[in-house]
Amino acid sequence: MVVYCEIKGHPLERFQLRSNMRERVIIKWGGGLITDKSSLCTPDLGILELLAQTISTCQSHDVDVVLVHGAGSFGHLRAKHWRLNEGTLPDEVFENDDVCSSQWEAVNQVRKEMLQLNSHVCEALVRKKLTPVVHPPHLWAKNTGPDFLGGLERFHEQKQSQVHVTFGDVVDVEGGQKFGILSGDDLVARLAVELPHIKRLVFAIKGVDGLLRVPPEQAGESDLIEHWTPHIEFEGTHLSEIDVTGGIGLKAARGSFVASHGIEVVMVNGGRTERVLGAMLGHPVRGTIVTAKE
């Protein structure tokens, strides 16, 4: 299936907000949730279909959705090999991979692969009669971390059935670093606190119900942290041999920052899409409510 998505590039466009703006929610689909993270460029089409339905249902309940998705096997494996999160390393000797022979080739290839993953996301949305409006960060954002540069006006106007979509990406970085990885978790933090009418932020993560007191492989039903604040320790799986961002720890930190602005933040098991939908609609579900203070 060929899907044509509206991609907004430079210059930044400004929009008039409609007067009766509906409630809005930001959902983050983890890269590990929507891909096979151990196999290069392999989407999980089944979970994408189920997750797309949750957005369609939200729209039918008068809740507009801004979607941010991770990279998973479409970004992390190659970015890790070429250490793209560290920027340009002219004195480092790298072994060529199956496609690239330099960091700069890897930058362009990861950007292409992220657009490939995004096309799978868009196809799933279109099958639910939704209209994705895609914002590739390398076209409008610069620098990494929560204070990255780039105006968010492009996300303001949202017509019925539209879904704004963006994702973690390799972006240009000022100074000697030249490029770096802008995490989807940093994107959601700014989107949540700067866009109008955002009521809640939901992280859909893979394989666990939320933040846990013990490592996931040891956890039982009672080990879920139902209300988390930054002083509470938790355990999580961070695939350091693959991941080039901050894993579950970064999600918790950015979620707490968002919560400090009065926005509801919850982490749920993305494989239980009924919980994902419930969280997006503001219903109580099994998961972790993230707060900023005790």
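Quick note: the coordinates plus some simple rules give every number you see, no bench work behind them. Model, not experiment: these values are computed from the prediction. Here the Cβ is made from the backbone with ideal geometry for all residues, glycine too, and neighbour counts use every protein chain on show.
So for region 150-294, averaging the separation of alpha carbon pairs under 8 Å that are six or more residues apart and normalising by length, what relative contact order in percent results?
It comes to 26 percent, rounded to a whole number.
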Inset, instruction - May I ask you to list the lysines whose Cα is less than 24 Å away from that of Lys293, ignoring any residue fewer than eight positions away on the same chain? - result: Lys28, Lys199, Lys251
Inset, instruction - Lys and Arg at +1, Asp and Glu at -1: add these up for the other residues within a Cβ distance under 14 Å of Asp223 and post the number. - result: -4
Legend entry - Full-extension gain in nm, Asn96 to Leu40, via 0.36 nm per residue minus C-alpha separation: 18.6 nm
Inset, instruction - Using the number of other C-beta atoms within 10 angstrom as an exposure proxy, rank Leu139, Leu45, Leu187 with the fewest first. - result: Leu45, Leu139, Leu187
Inset, instruction - Hydropathy first: keep DSSP H helices in the chain averaging at least -1.0 on Kyte-Doolittle, then drop any whose Cα extent along the axis falls short of 24 Å, and list what survives. - result: 103-127
Legend entry - Eligible lysines near Lys178 by straight Cα distance, threshold 24 Å, same-chain separation 8 or greater: Lys8, Lys80, Lys112, Lys142
Inset, instruction - For His61 and Glu86, compute 0.36 nm times the residue count separating them, minus their Cα-Cα distance, and round to one decimal in nm. - result: 4.7 nm
Legend entry - Relative contact order computed over the chain (Cα-Cα under 8 Å; 6+ residues apart), in percent: 23 percent
Legend entry - Debye intensity ratio I(q)/I(0), log10, the chain, q values 0.07 Å⁻¹ (C-alpha model): -0.24
Inset, instruction - Mind giving me the nanometre distance, one decimal, between the label points for Thr131 and Lys112, set 7 Å out from Cα along Cα→Cβ? - result: 3.1 nm
Inset, instruction - Name the longest site-free stretch of the chain, where the excluded sites are trypsin sites (Lys or Arg not before Pro) in a DSSP loop with no more than 10 other beta-carbon atoms within 10 Å. - result: 160-292
